[in-house]
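Heads up: the structure comes next, in structure tokens.
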């Protein structure tokens, strides 16, 4: 459980056990004292109002709302959480593949097996020289299909890879 200290009017910061008015209180004070006693020290355990269905928390803060100290969220819609909204860098794509058990040589073998030399060369250029990979690019779809990676696995992999360092 995280305690927050009100550092100024409606501004809260995580309390890490630093002294309050020159007194060092135990770090587990929230399990020893009532909420009323904590509030006398401007310490609060924020109430969690919950997250609305179909929403994803974008940012979290702590605020006094209707005289209650609670978590305050900004949201984004689940509908925004689709691969097409998150282009990957070449690095993110490759790390996503590797971390899901697909070696780079696996992808290279798929490219090498494309029978038409022009299509094979275009796939190779796309694989080697793309700085940004778009989910809806025809080559992305073609290589995913040729790789045999299921649509669900591809989405999961992509959505995880979007958070890797670019």
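Quick notes on this one:
- Extension gain, residue 122 back to residue 48 (0.36 nm per residue minus Cα-Cα distance, nm): 21.5 nm
- 0 to 90° range, to nearest 10: angle between helix 117-129 axis and the chain longest Cα axis: 30
- The C-alpha radius of gyration of the chain, expressed as a fraction of 2.2 N^0.38 Å, stands at 1.62.
- Between residue 155 and residue 80, the simple spin-label model (points 7 angstrom out along Cα→Cβ) gives 1.9 nm.
None of the figures in this text is laboratory data; all of them are computed from the coordinates on show. Small disclaimer: the values here were computed from a predicted structure and weren't measured. Glycine also receives a Cβ, built like all others from the backbone with ideal geometry; neighbour counts cover every protein chain displayed.
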